[in-house]
Each structure stands twice: as C-alpha cells, then as structure tokens.
Amino acid sequence: MKRLIFTFSILVFSFSLNAQICDPPCTPDQSCLANYNQNGSICPEELAFAIANSYYEENVTVVPPEGSPYYPFSSMRIDAINNLPEGITWCKSQEMFDVTNPLTCYCVQLKGTPTTHGTYVLSLAITLFVNNEGTQEPVTQYTDTSLEIEVLPEGVELPVADFTWTGNQCYRDTVFFTAANNPAGSSYVWKVNGNVVS
C-alpha cells in the first residue's frame, strides 16, 4: 500500500484536465481500505508488467486523505497522469470525487497498447478541496510518483501462476505460487480474477 504524502498550503492555480470519464466505469478496489491511514493511499503498490505492442489494462484505486480536523477535505480531483508510456491513456471514475464517510475510493484506469519498452515513473497531479459554505475551494495540489509501469520488449512471455492445493490450507493460510519460467525478473504481482494477491 503506497502512502500519499502532501504538504497543506493555500494555493491559487489553474490546471488543464486531460482525461475522460471511464465508460464503462472502472471499479475501485475496496481492499485498499485495509491499511488506510489519514494521509490516504494508492493501490496496487506495483502495477502489472506491460509488453510492447500488446494491449494493457490496469485499475488504480486512490483513497483520499482526510485533511486536518479543522479543515477536512471534502473532495478531490485527479488532474493529470504524466509520463505514461506512448500508446497508454487514462480515464477516471468521475470528474470530482466527494470524500464521504465511511471511506470511499476513487478509481483510475490505464489502458492502451504501449509501443516502447522501458520503465515509466508515473506522475499523478492531484487537487484537494475543502467545503467553504457550500463552495468547493481548491486548497492544495500535490504530485504522487509512487507508481511505475515497466514495459517489457515484444515477445516476452510472462509467467503463469501455479499452486498446489493439499487440502490442509485454511482461511488466511499461505499458499505458495510458483512460475515455471522467470523471464522478467524475480518479483511478481499475482492477480486472481483481476485482483492482486498479496
């Protein structure tokens, strides 16, 4: 779970938006709330590998920070995601995200066909708002650089998870995943039905 770190300050700024609303909507991962703290969070911690010239799609969930007791954040907006690989675009679940109680999540989807292999550190520009007598006022903007996409060369075969069920595992027991091939390194993020397995 990545932590969002920001400095509270009063700012006046303008920002051009560069994303569409996802259609169909992306779905936030509610498991991101498990390790939430007041500063908010982004998950997954690591994005799945992409392969050059192959279609890629990944959901990113943002849990908004709470702000201070005197100035709680009422809403947030993801303004831009910079340094995406060429061929990858992004969309978001909604334009402005209202922070509610119980905690809620904001979703971004990355999708497309990357053309050039390499490692791309993403830069999320995020604006936070407070409610000033019914008006949403922007109060701070910060940049999160905790996510990166690694685009592997065309033709690389990603490993497929395999595991053995012995019949002895119970709820919350560890199941060991293995890979027959190791083409992309020694660290993997496994997904089951689209959800990251930690």
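Read-outs throughout are calculated quantities, based only on the coordinates presented, and are distinct from any laboratory measurement. Fair warning: this is a prediction, and the values are worked out from it, not measured in the lab. No Cβ is skipped: glycine too gets one built from the backbone with ideal geometry, and neighbour counts run over all protein chains shown.
Over all other residues within a Cβ to Cβ distance under 11 Å of Cys26, the charged ones net out to -2, with Lys and Arg as +1 and Asp and Glu as -1. Backbone geometry of the stretch 116-123 corresponds, through the Karplus equation with coefficients 6.51, -1.76 and 1.60 at θ = phi - 60°, to 3J(HN,Hα) couplings of 10, 6, x, 10, 10, 7, 7, 10 Hz, x marking Gly and Pro.
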